[in-house]
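Working notes for the structure below.
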Amino acid sequence: VEVLDAARRDRSADILTICSWCKAVFTNGVWWELEDGLRRTGILSSIALPQISHGICPACSERMSRKGERL
């Protein structure tokens, strides 16, 4: 939860990209579910948490594209 807390100001220069819809985490060229991604990056044990950037993972992008075709 601390990682997603926008009020935290003590962040490192590192950037963590999170899907705006499903909260998957992009690291090492792969989108992971939030818990797996945080564990793989090891950021929860870091002194300073990374900055958060938002994007859209390929799965959500595909899902939204299919919904748009039906409108």
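The table below lists the values:
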read-out	value
Interatomic Cα distance distribution for the stretch 29-70, bins of 10 angstrom, percent	22, 42, 23, 11, 2
In order through the stretch 56-63: 3J(HN,Hα) via Karplus (6.51 cos²θ - 1.76 cosθ + 1.60), integer Hz, x for Gly, Pro	10, 6, x, 5, 5, 4, 5, 4
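Just so you know, all these numbers are worked out from the coordinates, no wet-lab data involved. On a predicted model such as this, the values are computed, not experimentally measured, just so you know.
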